[in-house]
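Student: Please see the structure below; I have some questions.
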Amino acid sequence: MGTRFVGKKVNKVDARQKVTGEAKYTEDLVNDFADLLHIRVLRAPHPHAYLREINVEPAREVAGVVEVFTAADFPELTEFGLIIKDQPVLVGIDQKMRYLGDALALVVAETDAAALRGRDRIELEIEELEVVDNPLRSMEQDCIQIHEDHEIEVTHYLDPEMCCDNILSDNYLDKADVKKGFAEADLIVEREYQTQFVEQLPLQVEKGIADYDEESEEIIIWAASQWLHDTQADIAQAMGVTKDKIRIKQPVIGGAFGKKEDISVHIHLALAARELKRPVQLIYNREESMIAQSKRHPQIIRHKTGVSSEGKLTAWQTEMIMDTGAYASSGPAVVRNAMFHCTGPYQAPNVRAACYAVYTNNTYCGAMRGFGATQMAFAYDSQMDVIARELGMDPADFRMRNAYQPGSTTPGGEKLELGVNVRETIAEARRLSSWREGDNNA
């Protein structure tokens, strides 16, 4: 690869098809279906509430509406999710809606306008509950439980009094002796950092088409997915069918960045196509995409770092609380990945970390480039700048003194041997930026 590609101009393999319009996105397939129906989804009017009654008859009376589906029409449905199956396909009577993206009903019509009119006529009776939009509130002892059927055993060594009812996933690591490391430090710096929700914002919103083959009893879905076989399996298990009954034909994807790892239009399309024996399409507008689909996780990151007067790290302790929103999605994987990146590319001989993924009533969070390492990078490099300033050291020189090199060990205990070029990267960045020793303006 080094001689064939690195440092060479390489044509993007799908560029020609995209710029000439030959590439087929889901939108380009619409004209292939003569009798295509349109779906609109009625979503939760409140982010935390029980659905007590739903009256869809007024929607059925709208001209052009073909059918309205609720959870009562599909008693066999089970919950879905990438890692933990905790998300309902449709919220049923006396079940809980946990964020504004939860689906309550599917309105299928001959036109999109009729589907919208029908959706707006559905009548609901709900019982509102406390909205938990802060992960710190979610972890308090008296906070309402968001998933009553969710149980997890946790062992908190940083805060034994912490409530665990809304904790989805807890992760811990210890490397060497962090108490000893702090005892050896000449300076201890404690800071808290926070990151926000980030929308991946691909150009293409979620959209799909589905059809049903009565002879083979197969459901064929044209919709983008970053996890093609996992999506197929998740649809099948939620609907109670075997995987060979679900066929996904992948169109060109108009951007994803992690957002299209999760189920979006897929199961709703599959249900409507199977029941009506006609092709159906479902497209989100941008507002619906931002409300209903995953985001990058916000994190509260608390670093406590010990350092010698010579500028060598002696101890690093991290507590991180991550808002995973209403459902798990990739949360258990993201929180664990973030934990193992708590010191970044810097060698700390003694490390302790405790990281939590916490349910709230916010839009659920999932994959976005970096899987938690991106948020942690903001925090650990901010911490390094603060420490350098406290020591009166050049921040680039301080990083060089603590950067990984061959033989270093990560917080997880892995010994690094190959491809360790942190110091070279810092040196090259200094050269390219004309950074001078003593330019302590980070």
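Student: Roughly how many whole Å is it from the C-alpha centroid of the range 109-129 to that of the range 6-76?
Tutor: 16
Student: Could I ask something else about it? Taking other Cβ within 10 Å of each residue's Cβ, how do Ser433, Ser138, Ser308 sort, fewest first? All intermediate terms of the calculation are to be shown ahead of the outcome.
Tutor: Working: Ser433 10, Ser138 25, Ser308 14.
Least to most surrounded, the residues fall as Ser433, Ser308, Ser138.
Student: While we're on this one: So how strong a dipole does the chain carry about its Cα centre when Lys and Arg Cβ are +1 and Asp and Glu Cβ are -1, to the nearest 20 debye?
Tutor: 2340
Student: Just report the Cα centroid separation between the range 164-213 and the range 222-266, whole Å.
Tutor: For the range 164-213 versus the range 222-266, the Cα centre distance is 26 Å.
Student: Continuing with the same structure: Picking from Ala115, Met139, Leu129, whose Cα lies most toward the positive end of the charge dipole for the range 110-151 (charges on Cβ: Lys, Arg +1; Asp, Glu -1)?
Tutor: Result: Ala115.
Student: Mind listing which GluC sites (Glu not before Pro) in the range 327-419 are in a DSSP loop and have 15 or fewer other Cβ atoms within 10 Å?
Tutor: Passing both the DSSP loop test and the Cβ count: Glu414, Glu417.
Student: Got a sec to turn the phi values of the range 167-184 into Karplus ³J(HN,Hα) couplings, 6.51 cos²θ - 1.76 cosθ + 1.60 with θ = phi - 60°, whole Hz, x for Gly and Pro?
Tutor: Using θ = phi - 60°, the values come out as 8, 7, 8, 10, 9, 9, 8, 9, 10, 6, 10, 5, 5, 4, x, 5, 5, 7 Hz.
Student: If you plug each phi of the range 68-78 into the Karplus form 6.51 cos²θ - 1.76 cosθ + 1.60 with θ = phi - 60°, what whole-Hz ³J(HN,Hα) values come out, in order, with x for Gly and Pro?
Tutor: Using θ = phi - 60°, the values come out as 10, 10, 10, 4, 5, 7, 9, x, 7, 4, 10 Hz.
Student: Ok, one more. Using modelled backbone amide H atoms (1.01 Å from N, in-plane), which distant-in-sequence or interchain residues come within less than 5 Å of Thr360's amide H?
Tutor: Under 5 Å from the amide H of Thr360 lie the amide H atoms of Thr324, Gly325, Ala326, each far enough along the sequence or on another chain.
Student: Let me ask something else. Looking at the range 209-281, which trypsin sites (Lys or Arg not before Pro) are DSSP coil and have at most 16 other C-beta atoms within 10 Å of their C-beta?
Tutor: Working: sites: Lys243, Lys245, Arg247, Lys249, Lys259, Lys260, Arg274, Lys277; in loops: Lys249, Lys277.
Those satisfying the criteria are Lys249, Lys277.
Student: The list (1) 22, 46, 27, 5; (2) 13, 17, 14, 10, 8, 7, 9, 12, 7, 2, 0; (3) 28, 57, 14, 0 gives values of P(r) over Cα pairs in 20 Å bins from 0, in percent, and only one came from this structure; which label was calculated from it?
Tutor: Computed from the coordinates, P(r) over Cα pairs in 20 Å bins from 0, in percent corresponds to (1).
Student: Still on this model: Near the amide H of Lys312, under 5 Å away, which other amide H atoms are found, from residues 5 or more places off or on another chain, if H is placed in the peptide plane?
Tutor: none
Student: Give me, ordered by chain and number, the residues 5 or more places off Val198 or on other chains with an amide H under 5 Å from its own placed amide H.
Tutor: Those lying under 5 Å, H to H, from Val198 are Arg296.
Computed from the coordinates by the stated procedures, all read-outs in this text should not be read as laboratory data. Since this is a predicted model, take the numbers as computed values, not measurements. Cβ atoms come from the backbone with ideal geometry, glycine included; neighbour counts cover every protein chain shown.
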